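The values are calculated or read from the model by the stated rules, or taken from the named source; none is laboratory data. Source: prediction; values computed, not measured. Cβ: placed from backbone, ideal geometry, glycine included. Neighbour counts: every protein chain shown.
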Amino acid sequence: MPRAGTLPAVLTGLFVTVLDFFIVNVAVPTAQRDLHADAAAVEWVVAGYALAYGSMLIVGGRLGDIHGRRRMFSVGMVFFTLASIACGLAPGPGALVAARIAQGVSAALLAPQVLAIVRTVYTGHERARAINAYALTMGSAAVFGQLIGGALIHADVFGLGWRACFLINVPIGIAVLAVARRVIPESRATGAVRLDLPGAALVSLSLVALMLPLIEGREQRWPLWTWASFAGSVALAGAYRARRHRESPLIDLALLRERGFTVGLFTYTAFTMGMAAYFLVLALYAQEGRGLDAMEAGLLFVPIGAGYLAASLLAPRLMLRLGRQVIAVGALVRVAGLALLFVMVAQDAAIGWLASALLVDGVGMGLALAPIMATVLAGIPPHHAGAASGALNTVQQVGGALGVGVIGILYYGSLAEGSSTAFLHGLTYLIAVALVLAGLAQLLPRAASVPSASSHASGASREGVQS
């Protein structure tokens, strides 16, 4: 049973892991100067976190199923807090990169437990509200990450500068750990469940082989090793599939026979391909094309955040009426906002005029995200909650890396023609992705069914939700 404080505690943990993915964008320039880091080290401050996080998420979710989701949430938060201290105190670029990789692994232990706890602890309308709060938290951390980072660096609290972007996690982590045991019920899969170590190695290596070229390929102009890595990812995934007869698989392939889950993963991929890429090129355009500093560029994200927050509160009610079509509506609202932004940029409108288009786009994001998650998780048995949550979070990272890779080619490939032209090419890609999202929504089940309280209670009993 959920307790007062369960949702705030787990969502706070989620917030800092997502925030750390985006806040580093504004911390990197000053950190590079302070630590005398070269370009390769700067890339790995960002890429190291993303690679470790994305490649370990499915393993992290399965560990929660086996050893207890509250336990793995707490373990992840302990190591995330320690890694954040290491980032904030890093004496050189090598130490910072190593600490960022440790942060990514820690986040992969923590993050899948959040959605799994929501899936197993809450039922009916409470679960729908909790999933919406999850989407609201994740989107807010992404949208406001750059603003929070810019504000911390601008305030220069205790003279910490960029280091505050990492050390801010320390009091948050301590506060969450202080209440976790009291407010988060324990849950785990019952029965003879174990971690399939060879399968875990195959899945993690497959994801590393997929994500590494997505992160590094554009910068290195897609050398031969990137294509070999993609091929290796497919081969490793095939090797995992060949082991499907083993007991306690890391990913039960029966999940992929669930239409809502499989199509939902593709739908979520399309969404994430348009979100992380958008934030990247918008930040680049604001700073390189319009000459804004980190704080001013962060303020440009406020209209997106306002629209996102408002629409996220409205999305559950709309889903009751429109079902899967609320995702399509959100995607088409994004198309309208991005098209309006395209016109304004093409006409070189004053920066303040862009706010209306950014607001509309934020509304579209907010309408789509929570319904996608509800659809993906509908019908997933409680004993697969951790694995399913890990898969969903992994898709978020892969989709984000893929989107950034594609839009990077378009943006930097046309940057010689000016920042505005490069941004317009990026917007064209984003409009196309939003249209694909609207189309994929039509393939989802007509209604994302929410299990009844009684069915959830029996499932929770089998799962062993503990006080």
Closer than 20 Å to Met138 by Cα, in the same structural domain as Val176 (by TED's automatic domain parsing) and buried (at least 19 other Cβ atoms within 10 Å of the Cβ) - does that describe any residue in segment 28-40? no
Look through segment 419-449, keep the residues that are modelled with pLDDT under 90 and either among the basic types (Lys, Arg) or surrounded by fewer than 19 Cβ atoms within 10 Å (Cβ to Cβ) (or both), and return whichever of them is nearest to Arg218 (Cα to Cα). Pro445
Could you go through segment 76-84 and let me know if any residue there is modelled with pLDDT under 95 and either aromatic (Phe, Trp, Tyr) or over 26 Å from Asp156 (Cβ atoms) (or both). no
Looking at (1) over 21 Å from the mean Cα position of the chain (by Cα); (2) more than 25 Å from Ala422 (Cα to Cα); (3) in contact (Cβ under 8 Å) with a residue 12 or more places away in the chain, can you tell me which one Ile327 breaks? (1)
Can you pull out the residues in segment 71-106 that are closer than 13 Å to Ala180 by Cβ and surrounded by fewer than 24 Cβ atoms within 10 Å (Cβ to Cβ)? Arg71, Ser74, Val75, Val78, Thr81
Quick check: anything in segment 302-310 more than 21 Å from the chain's Cα centre (by Cα), in contact (Cβ under 8 Å) with a residue 24 or more places away in the chain and surrounded by fewer than 23 Cβ atoms within 10 Å (Cβ to Cβ)? no
Taking the stated definitions as given, is Gln113 within 20 Å of Val203 (Cα to Cα) and either surrounded by fewer than 24 Cβ atoms within 10 Å (Cβ to Cβ) or touching a residue at least 40 places away in the same chain (Cβ under 8 Å) (or both)? yes
Select from segment 91-134 the residues that are among the basic types (Lys, Arg) and either at pLDDT below 90 or in contact with a strand residue (DSSP E or B) (Cβ under 8 Å, 6 or more places away or on another chain) (or both) and list them in ascending order. Arg119, Arg127, Arg129
Is there a residue being assigned by TED's automatic domain parsing to the domain that holds Met138, of a type outside the set (Lys, Arg), assigned to a helix (DSSP H, G or I) and touching a Lys or Arg at 6+ places or on another chain (Cβ under 7 Å) anywhere in segment 397-408? yes
Identify, please: which residue in segment 145-192 is of a type in the set (S, T, N, Q) and at pLDDT below 90 and is, among those, surrounded by the fewest Cβ atoms within 10 Å (Cβ to Cβ)? Thr190
Residues of segment 167-207 satisfying the condition of being in contact with a Gly (Cβ under 9 Å, 6 or more places away or on another chain) and in a loop (DSSP other than H, G, I, E, B): Ile168, Ile184, Ser187, Arg188, Ala189, Thr190
Turns out the helices (runs of 4 or more DSSP H) fully within segment 14-128 with at least 3 residues that are under 13 Å from Asn169 (Cβ atoms) and not acidic (Asp, Glu) are 69-88, 93-121
Scanning for something closer than 27 Å to Ala151 by Cα, touching a residue at least 40 places away in the same chain (Cβ under 8 Å), buried (at least 21 other Cβ atoms within 10 Å of the Cβ) and of a type outside the set (A, V, I, L, M), does segment 283-298 turn up at least one residue? yes
If you check every pair at least six apart or on different chains, which have Cβ atoms under 6 Å apart with a residue in segment 204-224 that is assigned by TED's automatic domain parsing to the domain that holds Tyr49 and at positive phi first and a residue that is in a loop (DSSP other than H, G, I, E, B) and among the aromatic types (Phe, Trp, Tyr) second? none
Is one or more of the residues making up segment 47-70 among the basic types (Lys, Arg), surrounded by fewer than 20 Cβ atoms within 10 Å (Cβ to Cβ), over 27 Å from Gly399 (Cβ atoms) and in the same structural domain as Val157 (by TED's automatic domain parsing)? no
Could you tell me how many of the residues in segment 208-226 are outside any loop (DSSP other than H, G, I, E, B) and under 25 Å from the mean Cα position of the chain (by Cα)? 10
Tell me, yes or no, whether segment 226-244 has at least one residue that is surrounded by fewer than 20 Cβ atoms within 10 Å (Cβ to Cβ), at pLDDT below 90 and either of a type in the set (Phe, Trp, Tyr) or assigned by TED's automatic domain parsing to the domain that holds Ile407 (or both). no
Output the residues belonging to segment 317-364 that are surrounded by 17 or more Cβ atoms within 10 Å (Cβ to Cβ) and of a type in the set (Asp, Glu). Asp361
